[in-house]
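Down below is the structure, laid out as structure tokens.
The values are calculated or read from the model by the stated rules, or taken from the named source; none is laboratory data. From a predicted model like this one, the values you see are computed outputs, not experimental measurements. Counting neighbours? That spans all protein chains shown, and the Cβs are built from the backbone with ideal geometry, glycine included.
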Amino acid sequence: DSGIDGFKGLAIIAVVFIHGRFVFPAYIYESAGYSIFDWCVPLFVILSAYGLSGSCDRAKAGSGWRWISEKTKRSMLPFVVWSLVYFLWNWISHGHVELIGLYRAFNGFAWPGQYYFILLLQVIWLVAALRGVTIAAGKIAAVVAVGALVYIFWPVSADQRELYLGLSFRLIVFWLPYVAVGVFASYRPLNGLSAPLSVAALVVAGSLLLMILESLVRRELGLVGLGGYFRVSTLFAAISLFAFGYRLLSSKSLRLVTAALGTLGRHSLGIFCLNPLMLAFLLRFYAWQFESSAYAAGSNAFAVLAGIGLIASAILGCLLVSIGLRRIGAGRLVC
């Protein structure tokens with residue numbers, strides 16, 4: 001589906017911007033405006049639940065365990081292989097490793113985005129458990145509403161933030177509103193929301209603006225919260241993009257953009273796994289950028305353009321490596 005691939009392509013660009021935020025001056029990536037990328041992982045969760053739910057429903061009756069086994073193996077293979085790659089990379093970089101380091105290589109935070117595979121495994125089992133269960137729109141709305149209330153009122157102090165980040169990123173209970181939307185959407189066509197193009201664009205733009213506004217309000221009031229992925233505005237933005245973004249990506253005026261995003265989307269797993277390595281590799285060639293007075297001053301567009309150039313180079317490099325791995329028969333690691 002070109003629309004789904006377009007979603008994935010758009011989301012993976014935002015993911016690389018989050019993973020590569022350190023290539024920009026601190027005044028940029030620490031600003032409220034940078035929170036505009038926080039919808040990307042929630043959108044990936046929605047898309048994963050959407051795709052897995054449809055796949056599970058299409059599986060033959062009585063093949064539930066086989067489906068779980070196949071999906072688990074497919075998701076765990078890249079998790080294990082890339083975790084070992086990053087383990088070796090860190091070993092080479094630091095010159096030594098302790099025994100506890102091997103455990104940490106698989107704990108979900110050994111490399112940016114690793115936790116997603118742990119979350120994906122839980123989504124697989126939850127989708128399998130819900131197979132054949134008819135979920136009414138009212139129940140989905142209730143799950144989303146409860147999730148929004150949790151995101152608003154969950155008490156998190158500054159000294160507890162690291163603990164809750166470690167839990168929330170890896171436990172599916174914190175992502176249930178996103179999973180519920182994906183599962184519910186799998187029962188109906190995505191183009192069901194036939195809103196005018198202008199309305200779809202307005203809703204999406206408005207939802208992104210709300211993300212920045214909530215970030216500003218939280219900073220002003222000193223609210224900590226569970227993190228950027230678990231905010232009401234992020235929840236609304238991810239759902240809006242999923243609901244109305246398909247309308248935008250299906251428009252004839254954006255067909256070239258959709259085609260380009262679709263190419264990235266079909267290699268989104270490869271880019272997801274490779275981008276931290278690619279960013280580290282490219283930084284060696286961009287070292288001059290960080291030493292320049294224009295960058296250090298933080299007052300010149302040069303710093304922003306150089307950072308965007310590095311992000312774009314990383315995405316292109318990951319895409320080329322992903323294509324190469326597929327051609328040599330290692331496609332299971334990147335798709």
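Some points to look at:
- Any hit, the stretch 188-206, residues being buried (at least 20 other Cβ atoms within 10 Å of the Cβ), over 16 Å from the mean Cα position of the chain (by Cα) and at pLDDT 90 or above: no
- With respect to being within 30 Å of Asp57 (Cβ to Cβ) and without any contact (Cβ under 8 Å) to a residue 40 or more places away in the chain, Leu209 falls outside the description.
- Looking only at the stretch 120-162, and only at residues there that are of a type in the set (Lys, Arg) and either touching a Phe, Trp or Tyr at 6+ places or on another chain (Cβ under 9 Å) or crowded, with 17+ Cβ neighbours inside 10 Å (or both), the one that is farthest from Gly225 (Cα to Cα): Arg131
- Some residue of the stretch 240-258 being in contact with a helix residue (DSSP H, G or I) (Cβ under 7 Å, 6 or more places away or on another chain), in a loop (DSSP other than H, G, I, E, B), buried (at least 21 other Cβ atoms within 10 Å of the Cβ) and basic (Lys, Arg): no
- Count of the stretch 27-56 residues which are exposed (fewer than 15 other Cβ atoms within 10 Å of the Cβ) and touching a residue at least 60 places away in the same chain (Cβ under 8 Å): 2
- Residue in the stretch 113-132 that is in a loop (DSSP other than H, G, I, E, B), farther than 21 Å from Ser69 by Cα and over 22 Å from the mean Cα position of the chain (by Cα) present: no
- Taking the conditions (1) among the aromatic types (Phe, Trp, Tyr); (2) outside any helix (DSSP H, G or I); (3) surrounded by fewer than 21 Cβ atoms within 10 Å (Cβ to Cβ) in turn, Phe236 satisfies each one other than (2).
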